[in-house]
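What follows is a single structure, written as structure tokens, with notes after it.
The values are calculated or read from the model by the stated rules, or taken from the named source; none is laboratory data. Not measured: the values here are computed from a predicted model. In this analysis, Cβ positions are derived from the backbone assuming ideal geometry, glycine residues included, and neighbour counts consider all displayed protein chains.
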Amino acid sequence: MSTVIPSGKNIERKWFVVDASGQTLGRLATKAASVLSGKLNPKYVPYIDMGDHVVVINAEKIRVTGLKAETKVYRRYTGFPGGLREESFARLMERKPEKIVEEAIKGMLPKTKLGRAMGSKLKVYRGEQHPHGAQAPQPLSVA
């Protein structure tokens, strides 16, 4: 019996939808990252992007445990001297809750070209509506 090596040309990608309402941020992010990287696929190889598409809805209803809601800070650097910008979790949650979920999931992917390709299959939306109904996404449980 010979070993089949996937080529990456004809990968059938599925679409999954995750409802983030009431879910813990870290648990949802680990599940979504493993689906995006393709580790749940039986044909998984680490050097090809074998992952599926993930659509996260209700990002505004995500929850965090402990004191993270009061103490967590998101930092970014503008590239200029003195350009370190900080924003608290609570402020970012009211302004852009989809960015919180997106950063948590993409932070669990590899920091390479392959990781960026995996991250491009992630779609995060604030509310219940999303424009990917034509792809017939299957619900993905985060339990």
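The figures follow:
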read-out: Filter result (exposed (fewer than 10 other Cβ atoms within 10 Å of the Cβ) and assigned to a loop (DSSP other than H, G, I, E, B)) within segment 33-85; value: Pro42, Tyr47, Gly66, Leu67, Thr78, Gly79, Phe80, Pro81, Gly82, Gly83
read-out: Any chance Tyr125 is farther than 19 Å from Ile11 by Cβ, over 13 Å from the mean Cα position of the chain (by Cα) and aromatic (Phe, Trp, Tyr); value: no
read-out: Cβ-Cβ under 7 Å pairs, at least 6 apart or on other chains, segment 1-21 side at positive phi and surrounded by fewer than 10 Cβ atoms within 10 Å (Cβ to Cβ), far side at pLDDT below 85 and of a type in the set (Asp, Glu); value: none
read-out: For Arg95: the one exception among (1) in contact (Cβ under 8 Å) with a residue 40 or more places away in the chain; (2) farther than 16 Å from Lys39 by Cα; value: (1)
read-out: Count of residues meeting criterion [within 18 Å of Val35 (Cα to Cα), surrounded by fewer than 18 Cβ atoms within 10 Å (Cβ to Cβ) and not β-branched (Val, Ile, Thr)] in segment 122-143; value: 7
